[in-house]
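Here is the structure we will look at, set down as structure tokens.
The values are calculated or read from the model by the stated rules, or taken from the named source; none is laboratory data. If you're wondering where the values come from, they're calculated on a predicted model, not measured in any experiment. Every residue, glycine as well, gets a Cβ built from its backbone with ideal geometry; the counts of neighbours run over all protein chains shown. When the accessible area is computed, the model is the full protein with side chains, heavy atoms only, and any ligands, DNA or RNA have been set aside. Shrake-Rupley method; radii C 1.70, N 1.55, O 1.52, S 1.80 Å.
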Amino acid sequence: MSRKTPKQFQQSAIDSGLAIFTEARLLLDAAGEDAAGRSVAISHHGMLLIEAPTGAGKTLVAGHLVEKFSGIERVVWFWFAPFKGVVGQTAAALRAELPGLRLRELSEDRNAGDSREGDVWVTTWQTVATKIKNRRNVHIPGEQNLTVEELIDGLRAQGLRVGVVIDEAHHGFFTRGGEETQAMKFYRQTLQPEYTLLITATPDDADIARFQKDLHLAKLNRITISRREPVEDGLIKEGIKCVAYIVPEAQQALVNTENLALRDGAALHRKVREEIKNLGVSLTPLMLVQVDSTAGVERARERLKQEGFTEDQIATHTADEPDANLLALANDESREVLIFKMAVALGFDAPRAGILVSMRAARQEDFGVQLVGRILRVHRRLQGRARAKALPDLLRYGFVFLADAESQDGLDKAGQRINRMQTEYGKVSPTTAMPVIAGQPLVQALGPDGQTRLFKLDVEFAGGGVFGTTAAEGDENTEVRITDVATAGQTTLVELLAGGYSIAPVSEYGGTGKKFAPPEPTGFNYPLRSEVPRRFKTQIISPDNEATEEDSARRFILSSREILRARADVNVQTRTLEVFTHQLELGFTNASMDPEQAAWLAHKALVKNEAFDPRELRRALLRRLQSTLVELGYEEAGVPARVAHLLNVILANQPELLFEAQKAALAAHCIVQESDEELPAMLGSEGPLASSRLNVYRVIPPGMNSWETSFAELLDADAHGLVEWWHRNLPHKPWSVQVVLSTGHPFFPDFVIGLKSRTTELGALLADPKYAFETTAELPKTNARHPVYGRVLILSRKEAVWMTVRYDEAQKRAVLDHEFSVPSAAAA
């Protein structure tokens, strides 16, 4: 196979990294045996972080950088892969693409005397970093092999410097929760490399800042590659479309979203296969299916067979980490589906894959980034067409089908994180040098203000400092700190200059350089939509209750109509999010309901209240339902079996309509005043927020709990076009909407919702959703009414259904009223 020629953006990254490491080499040569000088060189130019999306060629960039730098520096390398299963893949890629490197096996070849520049040991942290060393052969001397510690000492004795490459640096290396990992300890205490190259597709500013702090680094040079460059060069897909299924909560017990996701994924896979065939390309696409258990593997396999896949076309991988078998399966074109159940979707390449079905419920951002990475690559046989923009739409995108809709948040935030990566190549400051002024070793570099400044070296025996800074007596706890001379207040620059000075060589590489201090991570700001209200009105209410049996019965029938329109199938909403552009599209698909499950749940509802005869009750409900169907013009009205099935569905999903539908009445007397301030023009957040279709800032605001988020997602999923906007009404803000209860206590409903057909001012509806609503302290809220915005809608999530809540005067407690729906709320 011919070697890959780096793309222009990859070559720019290689050149940038080479300049940075060359500067470190020149400073190290100038420092000689001086511990402080060596520490300055490493602290400023010995650390390099490469950030790029999966598929952008990070391994290729790192490999070329290592090869080229080994041609001008006497350096050997330890290359750490994230998992044992990808060590062979990494070594094979380096061997095929980079003949200037010599690949060695750490478990069998630890001969320091046979070493030369460009040697690379590809291994894992698990091989070298452990508390129980007697179980690791690399720490046990043999007849011909040294221990890994002796190997490193022997390399340095020959004048070789040590470089370290850490692939997937976010996985198992950085300090977590304040505790140093075994990998970090081995890196800091044993390896003590002069050159470090970190590679990651999921940069985490907190991890990186902690890494700098732990090693007291003056500067971590960064090379960042945005998504745009590899997309333009045909290496990765233009986008990822993520499909989630929004099942009406009243019907969730009857719909299997796993089957839905597999059904739709299989259908799209067939279309993708046909598109590739039409292009005349010999390539079998791969569909990935991620499950969370062994039982999930079997369920997925059986369902896929129902979708037309044969046993031989389906492969499975059940290990906790990727291994050689997984990589072989991903490349075996006799397989069209790969089912795997890794805890996280890390560490394996599947360039044939463009569709992923995920059964796992996970909202973490890191999980989303890794999930996207599995289907982001463009297969090599399609890259030319991708570069020429000649691929059909189905091949330009990757597709994720989520059995759990909540997982979409993780992919949404993952897209925001990847988009935040903007191309930037690290540059070397032409003024970086190591002067010795009046006998005091200093470092000359750009200060935080962009001006050339001198920084003082303070050598302390504090422990945990930058490795490679041991004092002449060999104390391993020596720590080097760097102090700005201009602000130290001890020795002025004029006094230092009076003593004369000498300056170490400056790099031949040019460039304007970056600021001395790494920039603080920037936050996220989301502007207020221009078309939404900027100010609301606060209110005072007094309770007023009324109730009729007729009204409760009417509400039961009305709340059933949405389900009746679905007939025997559930009309499931699909929410498709393009994770990079945040474009959100709504659609619909049908899902068959299980008649036996519906009949069983209906029976439980009918027999729960012993005051009613379940058989007579069922007959009465059938007659009422049939009458309603006739009114609505449904053809099922004349088919008793269909009427019976629809009644089962209603009772199975909305038992509260039978048990607790009662009179509901609220009346209000209020005094109205405008809020003191308008809504803030911008919503700020330290991290990325999940996208929202209808929120006033188009995001899910921070601090919302799980049921509030669930209700917000229900509003975003409004397919009737009635919800125009919604706002999270925080308490005690100058712009808050306040209601004074009959008790005199202030009440801040959680949501203000703008409904298109609602007759209140601004079309506003106040809503306050709760997970459960039965506490005495909150009873007065059920009577709240705003004279401008109308009755406050109190909601309780019970048995996966959002129900409205009212106060029952006879029972002196809050009770559930009817199922919430956007049309009924707009008409209220």
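Below, the figures for the structure above:
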{"item": "Any hit, segment 666-677, residues being modelled with pLDDT of 90 or more, exposed (fewer than 13 other Cβ atoms within 10 Å of the Cβ) and within 45 Å of the chain's Cα centre (by Cα)", "result": "yes"}
{"item": "Residue among Leu356, Leu371 that is outside any helix (DSSP H, G or I) and surrounded by 17 or more Cβ atoms within 10 Å (Cβ to Cβ)", "result": "Leu356"}
{"item": "Residue within segment 281-296 that is more than 27 Å from Glu406 (Cβ to Cβ), in contact with a strand residue (DSSP E or B) (Cβ under 9 Å, 6 or more places away or on another chain) and open to solvent by less than 50 Å² (accessible area, probe 1.4 Å) present", "result": "yes"}
{"item": "Neighbours by Cβ (under 6 Å, 6+ apart or cross-chain): first from segment 778-792, surrounded by fewer than 20 Cβ atoms within 10 Å (Cβ to Cβ); second modelled with pLDDT of 75 or more and not hydroxyl-bearing (Ser, Thr, Tyr)", "result": "Val788/Lys537; Val788/Glu761"}
{"item": "Residues of segment 37-75 satisfying the condition of being farther than 30 Å from Glu232 by Cβ, within 35 Å of the chain's Cα centre (by Cα) and outside any helix (DSSP H, G or I)", "result": "Gly46"}
{"item": "Condition check for Ala93: open to solvent by 20 Å² or more (accessible area, probe 1.4 Å) and under 26 Å from Arg387 (Cα atoms)", "result": "yes"}
{"item": "Residues that are among the polar types (S, T, N, Q) and either surrounded by 23 or more Cβ atoms within 10 Å (Cβ to Cβ) or in a loop (DSSP other than H, G, I, E, B) (or both), drawn from segment 208-249", "result": "Asn221, Ser226"}
{"item": "Scan of segment 224-281 for residues that are among the polar types (S, T, N, Q) and farther than 25 Å from Lys7 by Cα, ordered by number", "result": "Gln251, Gln252, Asn256, Thr257, Asn259, Asn278"}
{"item": "The lone exception for Gly55 - which of (1) touching a residue at least 24 places away in the same chain (Cβ under 8 Å); (2) open to solvent by 30 Å² or more (accessible area, probe 1.4 Å); (3) over 13 Å from Tyr195 (Cα atoms) it fails", "result": "(2)"}
{"item": "Qualifying positions in segment 275-295 - in contact with a helix residue (DSSP H, G or I) (Cβ under 8 Å, 6 or more places away or on another chain) and closer than 21 Å to Glu258 by Cα", "result": "Leu286, Met287, Val289, Gln290, Val291"}
{"item": "Residue list for segment 98-112, filter: open to solvent by less than 60 Å² (accessible area, probe 1.4 Å) and in a loop (DSSP other than H, G, I, E, B)", "result": "Leu98, Gly100, Leu101, Leu106, Ser107, Asp109, Arg110"}
{"item": "Which numbered condition Leu268 fails, given (1) closer than 30 Å to Leu601 by Cα; (2) over 24 Å from the mean Cα position of the chain (by Cα); (3) open to solvent by less than 60 Å² (accessible area, probe 1.4 Å)", "result": "(1)"}
{"item": "Filter result (outside any strand (DSSP E or B) and either modelled with pLDDT of 70 or more or in contact with a Leu (Cβ under 7 Å, 6 or more places away or on another chain) (or both)) within segment 565-594", "result": "Val579, Phe580, Thr581, His582, Gln583, Met593, Asp594"}
{"item": "Residue selected from segment 173-207 under the condition more than 21 Å from Gly368 (Cα to Cα), touching a Ser or Thr at 6+ places or on another chain (Cβ under 8 Å) and outside any helix (DSSP H, G or I), by the criterion modelled with the highest pLDDT", "result": "Thr181"}
{"item": "Residue satisfying all of: in segment 746-757; buried (at least 21 other Cβ atoms within 10 Å of the Cβ) and in contact (Cβ under 8 Å) with a residue 60 or more places away in the chain; farthest from Trp726 (Cα to Cα) among these", "result": "Leu755"}
{"item": "Residue check for Val76: open to solvent by less than 20 Å² (accessible area, probe 1.4 Å), without any contact (Cβ under 8 Å) to a residue 60 or more places away in the chain and out of contact with any Pro (no Cβ under 8 Å at 6 or more places or on another chain)", "result": "no"}
{"item": "Identity of the residue in segment 621-633, within 16 Å of Val649 (Cα to Cα) and open to solvent by less than 100 Å² (accessible area, probe 1.4 Å), that ends up modelled with the lowest pLDDT", "result": "Leu621"}
